[in-house]
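Encoded as structure tokens, the structure appears first; notes follow it.
The values are calculated or read from the model by the stated rules, or taken from the named source; none is laboratory data. Remember, predicted model here, so these are calculated numbers, not experimental data. FYI the Cβ positions are ideal-geometry reconstructions off the backbone, even for glycines, and counts take in every protein chain you see. Quick note on the areas: whole protein, heavy atoms, side chains included, nothing else; ligands and nucleic acids left out. Shrake-Rupley method; radii C 1.70, N 1.55, O 1.52, S 1.80 Å.
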Amino acid sequence: MQAVVLAAGRGTRLRPLTEDKPKALVEVDGQPIVEDVFDNLVEIGADELIVVVGYMKEQIIERYGDAYEGVPITYAHQREQLGLAHAILQAEPHVDDEFVLMLGDNVFRANLGDVINRQREERADAAFLVEEVPYEEASRYGVLDTNEYGEIVEVMEKPDEPPSNLVMTGFYTFTPAIFHACHLVQPSDRGEYELPDAIDLLIQSGRTIDAIRMDGWRIDVGYPDDRDRAEELLRGDAEPVVGPAAAERASEAGTD
């Protein structure tokens, strides 16, 4: 399966860590975030990495070249950072069939393989790793509503009254149908092409999207203290928790 990695962000909220490097190359416990993403993808069997680059892209290209651990890399260029749906479209010419999508600024230690396995059952058109958070924090996320079969029936970006406490993480599988949906998305109030809007179009068209609950943890590295938190978790110096600050930052993933 091909894997698309979104790694075009500037990382303005990570300054000063990003003053001389793109967000994806900020190190967590001595390793660039995007390299940790690559390791996860190689481990679950990705046979090609399609990396969407933008800000200071030359540093990423020079560092990893045309392969990582024997897995070929193709680069797609996002010249303006206009949201996740826009970023995904930059990879469209390089994707042949079903694919994995992973945000290049998330550190995961979770059941990613379960999402791949569900996609391969050919029952669903897409599968997402989802995380349960306290209800009072759900409005800071892209919130999911599911039916009795665990299928996602609605996606809402930061709803005032969340229908559930299940939220999107940064790991998904899709068929190429997502590209058509991304082409139809209109800019949001903040001028970006939002992934939840594209997903909602898929659902409205009758596509089946399964929610796989996360077993483990993930950190969206949006701020310097997120990097510190991820390092503590990787070293075993802390237990994973989701707090109000983490929830707010997760809702901003990919816009930076």
- Given Val100, Val115, Val107, which one is open to solvent by less than 30 Å² (accessible area, probe 1.4 Å), under 20 Å from Ile219 (Cα atoms), touching a Ser or Thr at 6+ places or on another chain (Cβ under 7 Å) and not in a helix (DSSP H, G or I)? Val100
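Yes/no per residue for (1) at pLDDT below 90; (2) open to solvent by less than 40 Å² (accessible area, probe 1.4 Å); (3) over 16 Å from the mean Cα position of the chain (by Cα):
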| residue | (1), (2), (3) |
| --- | --- |
| Leu6 | no, yes, no |
| Thr12 | yes, no, yes |
| Asp20 | yes, no, yes |
| Val26 | yes, yes, yes |
| Gly30 | yes, no, yes |
| Ile33 | no, yes, no |
| Asp36 | no, yes, no |
| Leu41 | no, yes, no |
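Only one of Gly206, Gly150, Gly216 is touching a Lys or Arg at 6+ places or on another chain (Cβ under 9 Å), open to solvent by 20 Å² or more (accessible area, probe 1.4 Å), at pLDDT 85 or above and farther than 26 Å from Glu80 by Cα. Can you tell me which?
On the way: Gly206 fails: touching a Lys or Arg at 6+ places or on another chain (Cβ under 9 Å); Gly150 fails: at pLDDT 85 or above.
Criteria check complete, one pass: Gly216.
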- Query: Which one is most open to solvent (accessible area, probe 1.4 Å), of the residues in segment 68-92 that are free of Cβ contacts under 8 Å to residues at least 60 places away in the same chain and closer than 25 Å to Asn117 by Cα?
  - Reply: Glu69
- Message: Anything in segment 11-37 that is β-branched (Val, Ile, Thr) and outside any loop (DSSP other than H, G, I, E, B)? List them, or say none.
- Response: Thr12, Val28, Ile33, Val34, Val37
- Give Gly243, Gly191 a once-over and let me know the one that is modelled with pLDDT under 85, in contact with a helix residue (DSSP H, G or I) (Cβ under 9 Å, 6 or more places away or on another chain) and over 28 Å from Arg118 (Cα atoms). Gly243
- Task: Please work out if Glu132 is without any contact (Cβ under 8 Å) to a residue 40 or more places away in the chain and open to solvent by 70 Å² or more (accessible area, probe 1.4 Å).
- Result: no
- Message: Can you find a residue that is among the polar types (S, T, N, Q), in contact with a helix residue (DSSP H, G or I) (Cβ under 9 Å, 6 or more places away or on another chain), in contact (Cβ under 8 Å) with a residue 12 or more places away in the chain and surrounded by 20 or more Cβ atoms within 10 Å (Cβ to Cβ) anywhere in segment 45-63?
- Response: no
